[in-house]
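Q: What follows is a single structure, and I will ask about it in a moment.
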Amino acid sequence: MLFVLVAASGAPSDPSTEALCGLTALHAAELAHFGEKDRYALQPATVGFLPIPCADGTRPSAPDSQSVGGCRFLFTVLEAGSGDPDAPLELEARGMTPDTQDLRFRMKGRNGFVTRAASNARVAPTDCEAWVREADPLHRYHALVMRYECRGGPYAPEHPCAEALTGLANLAREGVGVARMEYAAHPTARELYPLSPPTPLMHLCGVADTPQQRRQVADTLARQGRLLDAVLSPDCRNEGLRAGLPRLLRDGACPGPRCLELMTLARRAQVAERLTVLESRASPLAWWLWNQPAAVQRDFLSQAAELSSERTDALLQLREGRSPGLHVLTTPPLTRLETAWLDRALLEHRALSLFVDLLGELQRRAPASDAAFRAWTATVPCHQLDDAYALSLSTERLRAIARTQPRCTETTVQVLSRYLAKLPPADVIDVLKPLTPAQLRTLHLNLDLADPARAEALFDWVMEREPDLLDGLTATPGVVAKLLAPDHADRLGGREAVLDLLLGLKPVPGIRVLPEALKVAAQAALQGAPLPAHVGAIASDRRLSLAEKQTLLAHVLRSPDPRVQAAAAGGLATEPDAVIPATAARACVAEVQTSRECRASRAEVLAPSPREPNGPRDEKRSEDCPLACAGVELDDDRMKRLIESAAEAPPPRFDVPAFPR
């Protein structure tokens, strides 16, 4: 809220009216401020209170920010409280001219009234609206401007702003000081309602002239050498800039001392010649800008050239001889100005040649040499290795990236991970030589060892470098044969351990065994004196057909070892159509009965200990009871099948789990 009081020559005869109306206005402003901020303000300017000076524009000087001068009085906030609605507030108006120097008025409190400071006598209110109309020669002007703003033009004769500006010009012509000050400060009054002929600057930058007239004025000012100052004047509107800037830019004002200001204004006014300068004068612009202060360089690149902050930072890094990230200068393509800047950077800093060569490849100008790529990987900061993704990476370049692993451990692995699955196995082995076993484990999913052909080609290398890479490998018959070879089997805990792995008895590492490879593993497991666990795994494996199982287990079912027979019978019992010899079936049924009896005898719950009657009950453990039929799960249907094959009565039942797992 802005409270404006005015005083002028010919003011009312009673000078105290200015004091009374001023205090009333200041008091109202303070109350409004308190309503918003819950406090009064010590500075009148904070609440928007500003008395207008005398008719000649002068006002009494204020000793500090708590006071402000009007015409004949100085208004001061003596005390301003906060928080409580009854917080203290005291205002004063003190006469400052010979006819008012003995006058002093005060106003206190939220619901205060004006009193004389000397006697504390209350002063009767006055009609301030009438006083303002009488004292303020710009009263009508202020009212219209408050409603219609009146900062542009031109206006039709019937428009209220035409009335306001005409009245202002007339008062200024009559010599009224406040009117002349307001007229001089108004952005369009001097052009629309001139007291003297409009200047060329007004014609160029004002509101009245047509584009053709402005261009003619711009040509005249250019011949006089005054166009630059006119365009750079603070009041020059966009219409004037569009007439004057093209002439300045065509005449070579940029590059030059005021180039940044001109190009920034050209961007604001959307002058097309700005782009022409950036393209056609890129080289001289770059050389001029290179020698400017860093702040000017940044402002020009970001404002005049409209480059992103990331792009601007990259160019300034080149100015210092440092290589930015390649990706920053790749998309969008370099402008002519950026290319000229890059040429200057290379001229000043020859060490940037590696960066420029690689950037040229990204910009599809010419491929960089492998030597340049190797030198770049050896010196670039680790986080910038990611820029290699955008380049064409041959095996030779991938070797160079792999050699960065001592200093860029994580980034090296991240970059290589995208390309390993597409590399031939021989190149994979070659590229990954520098990597540590830990890094290789990180890449195991990227090696694509699930592909049977790659698994066979890389198997020996996996066993040599890091056997943990077997996790996820697909085992072909060739891989199984190699796994069972003594040199590889010993690294994995021996032949039995390898068979455990291939037959699914050991879950880690998770090798995927192809059906034809499983038959090779089964044949190897069943040679000599097979282990019951291996026999049971083969007999119950769903990846083998019943015919394959019967063929593989034919001699096992007739083995002199009843444990092996039982394991084979238990596994085959999972197949409804399996042919199980009676001796093998009886061996499995006998093991089931023995296991049941053991578990039943161990199921007795012991009484609480006499020493600890409230202690926990102990149960005899049954885990050490022998497994039946190599641990194959046997439900009622499978047990029935075994009993029928054994041609004997079922074993007795017990109140315990019938089939141990």
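Q: Would you mention how many residues in the range 506-549 are free of Cβ contacts under 8 Å to residues at least 24 places away in the same chain and in a helix (DSSP H, G or I)?
A: 1
Q: Condition first: open to solvent by 20 Å² or more (accessible area, probe 1.4 Å) and under 25 Å from Leu138 (Cβ atoms). Can you find one or more residues in the range 72-85 that meet it?
A: Taking every residue of the range 72-85 in turn, at least one turns out to be open to solvent by 20 Å² or more (accessible area, probe 1.4 Å) and under 25 Å from Leu138 (Cβ atoms).
Q: State the number of residues belonging to the range 142-183 that are over 17 Å from Cys54 (Cα atoms) and part of a helix (DSSP H, G or I).
A: The number of residues fulfilling the criteria is 17.
Q: Take the residues in the range 128-165 that are under 50 Å from the mean Cα position of the chain (by Cα) and of a type in the set (D, E, K, R); name whichever of them is nearest to Met181 (Cα to Cα).
A: Arg151
Q: Let me ask something else. Any residue at all in the range 343-361 that's over 27 Å from Arg399 (Cβ atoms) and in contact with a Pro (Cβ under 9 Å, 6 or more places away or on another chain)?
A: No, the conditions are met nowhere in the range 343-361.
Q: List the strands (runs of 3 or more DSSP E) inside the range 43-118, counting only whole elements, that have at least 3 residues being touching a Leu at 6+ places or on another chain (Cβ under 9 Å).
A: Of the strands (runs of 3 or more DSSP E) lying wholly inside the range 43-118, those with at least 3 residues that are touching a Leu at 6+ places or on another chain (Cβ under 9 Å) span 49-51, 73-80, 89-95, 104-108.
Q: Within the range 608-629, does at least one residue satisfy the condition of being open to solvent by 50 Å² or more (accessible area, probe 1.4 Å), out of contact with any Phe, Trp or Tyr (no Cβ under 7 Å at 6 or more places or on another chain), modelled with pLDDT under 90 and in a helix (DSSP H, G or I)?
A: The answer is no; no qualifying residue exists.
Q: In the range 203-231, how many residues are free of Cβ contacts under 8 Å to residues at least 40 places away in the same chain, open to solvent by less than 40 Å² (accessible area, probe 1.4 Å) and hydrophobic (A, V, I, L, M, F, W, C)?
A: Looking only at that region, the number is 8.
Q: Return yes or no: is Thr276 β-branched (Val, Ile, Thr), in contact (Cβ under 8 Å) with a residue 24 or more places away in the chain, within 26 Å of Gln384 (Cα to Cα) and in contact with a helix residue (DSSP H, G or I) (Cβ under 9 Å, 6 or more places away or on another chain)?
A: Judged against the criteria, Thr276 is not a match.
Q: Do you know which of the residues in the range 461-486 that are without any contact (Cβ under 8 Å) to a residue 24 or more places away in the chain and more than 20 Å from Ala522 (Cα to Cα) is most open to solvent (accessible area, probe 1.4 Å)?
A: So, considering only residues that are without any contact (Cβ under 8 Å) to a residue 24 or more places away in the chain and more than 20 Å from Ala522 (Cα to Cα), the one most open to solvent (accessible area, probe 1.4 Å) is Glu464.
Q: Since Pro194 meets every condition but one in (1) loosely packed, with under 15 Cβ neighbours inside 10 Å; (2) in a helix (DSSP H, G or I), which condition does it not meet?
A: Result: Pro194 fails condition (2) only.
Q: Select from the range 62-86 the residues that are touching a Lys or Arg at 6+ places or on another chain (Cβ under 9 Å) and among the aliphatic types (A, V, I, L, M) and write down the one among them that is nearest to Pro15 (Cα to Cα).
A: By that ranking, first place goes to Leu74.
Q: Can I ask one more? Among the candidates Pro293, Pro255, Pro284, which residue alone is open to solvent by 20 Å² or more (accessible area, probe 1.4 Å), farther than 23 Å from Ala230 by Cα and in contact (Cβ under 8 Å) with a residue 12 or more places away in the chain? Walk me through it before giving the result.
A: Details: Pro293 fails: in contact (Cβ under 8 Å) with a residue 12 or more places away in the chain; Pro255 fails: farther than 23 Å from Ala230 by Cα.
Result of the check over Pro293, Pro255, Pro284: Pro284.
Q: For the range 451-460: of the residues being open to solvent by 60 Å² or more (accessible area, probe 1.4 Å) and of a type outside the set (A, V, I, L, M, F, W, C), which is nearest to Asp487 (Cα to Cα)?
A: Asp460
Q: Any idea which residue in the range 43-71 is nearest to the chain's Cα centre (by Cα), counting only those that are free of Cβ contacts under 8 Å to residues at least 24 places away in the same chain and surrounded by 14 or more Cβ atoms within 10 Å (Cβ to Cβ)?
A: That would be Thr46.
Q: Evaluate the range 162-176: report whether one residue or more is touching a Cys at 6+ places or on another chain (Cβ under 7 Å) and among the small types (Gly, Ala, Ser).
A: If we filter the range 162-176 for residues that are touching a Cys at 6+ places or on another chain (Cβ under 7 Å), which is where we start, we get 164-165.
Going one step further and asking which of them are among the small types (Gly, Ala, Ser), we end up with 164.
Yes, the range 162-176 contains at least one residue that is touching a Cys at 6+ places or on another chain (Cβ under 7 Å) and among the small types (Gly, Ala, Ser).
Q: Given the conditions (1) open to solvent by less than 20 Å² (accessible area, probe 1.4 Å); (2) within 17 Å of Thr583 (Cβ to Cβ), report the number of the one that His555 does not fulfil.
A: (1)
Q: So, in the range 558-577, exactly how many residues are open to solvent by less than 20 Å² (accessible area, probe 1.4 Å) and assigned to a loop (DSSP other than H, G, I, E, B)?
A: Matching residues across the range 558-577 total 1.
Q: Out of all the residues in the range 267-276, which are more than 34 Å from the chain's Cα centre (by Cα) and surrounded by 15 or more Cβ atoms within 10 Å (Cβ to Cβ)?
A: Glu273, the sole residue that qualifies.
Q: Among what's in the range 152-179 and is touching a residue at least 40 places away in the same chain (Cβ under 8 Å) and surrounded by 17 or more Cβ atoms within 10 Å (Cβ to Cβ), pick the residue that is nearest to Leu232 (Cα to Cα).
A: My answer is Gly153.
The values are calculated or read from the model by the stated rules, or taken from the named source; none is laboratory data. As the structure is a prediction and not an experimental result, all values here were calculated from the model. All Cβ positions, glycine included, derive from the backbone under ideal geometry; neighbour counts span all protein chains shown. Quick note on the areas: whole protein, heavy atoms, side chains included, nothing else; ligands and nucleic acids left out. Shrake-Rupley method; radii C 1.70, N 1.55, O 1.52, S 1.80 Å.
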